[in-house]
Amino acid sequence: MDPPQWCEDANGIILGTRTQICLVTGLTYTTTRTVNGTTTVTGEADMVVINYSYSDTGLPTFAHQLELSMYGGWGDAQKASVDGQATLSGSCTLESSSFPAQPLLPLNSWRSGEAFFDTTATAAGAKGNCATYWYLTFTNAGYPAAVTYYDLNEFRCDNATVGRATVGCVVPWYASELVYSSASYPSLASHVQRAQASGLPGATFANPLTRTEDETIIGDNRRLACGDAPSITGLSCDEYPIARSREGLSSGGTRRTFDGCQMPNVSAGTGPTGVSVCMITATENNAQGGLNTQFFRAERVLDGDPFRVNAS
């Protein structure tokens, strides 16, 4: 599997999705000789390295790839070959790996290796993290071997996702997006959009919501937000941030609402804390629970994981 196009933007920073991670860095291999106490540089090889790993939400296996290409340099360093060895730490085992010795030359040609790892977090309710490493060895006639390494410590595998019969692996810090369709759920989507526009979190990577699986917190969030909602035929009370997040009223703050939401004794407001409440179409509100459950299940969003909410 080739690294995705967006890896090009991962220059010096880790970028990811729920099932992929990429980091692009530079690397220089230098050769030297010491004669009569004087050390002289005899060559340099300048390289770009793509450090890429990918998983699947429905498989207990994930992969770690390393690709490098020499784009410049001079002297003896360019005559080197490189090979790799994969290893790990954490809740996983090495299934297979391959990074055979390959010459750095010609310029702008890619040298690569790939390793596959299996999680050991397979028992019911189990969760486990795994860090994986590639050790690269540069060999060059007349010079000592030079070793460097690249690691990724980004995957969590679990058999704890309710509704998933198989083990799967994800990037737990990546905030996947829960989307409410404005076409299918217009009153729900409108409330989310207005709530976020008033300053409440959840729309961006920088300011996501946080999943809770604590039923006490969930119940408190709902009671504090909508416990005194009016009884109106065809409508029901919706709260944002959603009750299955740690940002609900159980964490503090006050309620706010908007014109037309039919929430008596609740005023308008702004700011990053508290919740917005609004009477929305009951069928849409009832469907929201299923949408949330399907999203958490598909993305393996567990307690403490970040996630985003948006209306499109």
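Okay, here's what the table says:
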read-out: Residue match in the range 248-259 (condition: among the charged types (D, E, K, R), under 30 Å from residue 162 (Cβ atoms) and modelled with pLDDT of 95 or more); value: yes
read-out: Residue among 202, 163 that alone is at positive phi, surrounded by fewer than 22 Cβ atoms within 10 Å (Cβ to Cβ) and either touching a strand residue (DSSP E or B) at 6+ places or on another chain (Cβ under 8 Å) or touching a residue at least 24 places away in the same chain (Cβ under 8 Å) (or both); value: 163
read-out: Any hit, the range 226-237, residues being within 21 Å of residue 308 (Cβ to Cβ) and in the same structural domain as residue 270 (by TED's automatic domain parsing); value: no
read-out: Output for the range 168-199, where each listed residue is without any contact (Cβ under 8 Å) to a residue 12 or more places away in the chain and either part of a helix (DSSP H, G or I) or touching a helix residue (DSSP H, G or I) at 6+ places or on another chain (Cβ under 7 Å) (or both); value: 197
read-out: Entirely in the range 228-311, the strands (runs of 3 or more DSSP E) that have 2 or more residues that are touching a residue at least 60 places away in the same chain (Cβ under 8 Å); value: 275-281, 306-311
read-out: Some residue of the range 121-129 being assigned to a loop (DSSP other than H, G, I, E, B) and at positive phi; value: yes
read-out: Long-range neighbours under 9 Å by Cβ, at least six apart or interchain, first residue not assigned by TED's automatic domain parsing to the domain that holds residue 42 within the range 78-93, second among the small types (Gly, Ala, Ser) and buried (at least 17 other Cβ atoms within 10 Å of the Cβ); value: none
read-out: Among the candidates 210, 216, residue that is surrounded by fewer than 20 Cβ atoms within 10 Å (Cβ to Cβ) and touching a residue at least 60 places away in the same chain (Cβ under 8 Å); value: 210
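Results for (1) loosely packed, with under 14 Cβ neighbours inside 10 Å; (2) closer than 30 Å to residue 158 by Cα; (3) basic (Lys, Arg); (4) in contact with a Cys (Cβ under 6 Å, 6 or more places away or on another chain), shown as yes or no for each residue.
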position	(1), (2), (3), (4)
5	yes, yes, no, no
18	no, yes, yes, no
39	yes, no, no, no
53	no, yes, no, no
56	no, yes, no, no
67	no, yes, no, no
86	no, yes, no, no
97	no, yes, no, no
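The values are calculated or read from the model by the stated rules, or taken from the named source; none is laboratory data. In this text the structure is predicted, and so the values were computed from the model without any measurement. Because the Cβ atoms are built from the backbone with ideal geometry, glycine has one as well, and the counts that use them run over all protein chains shown.
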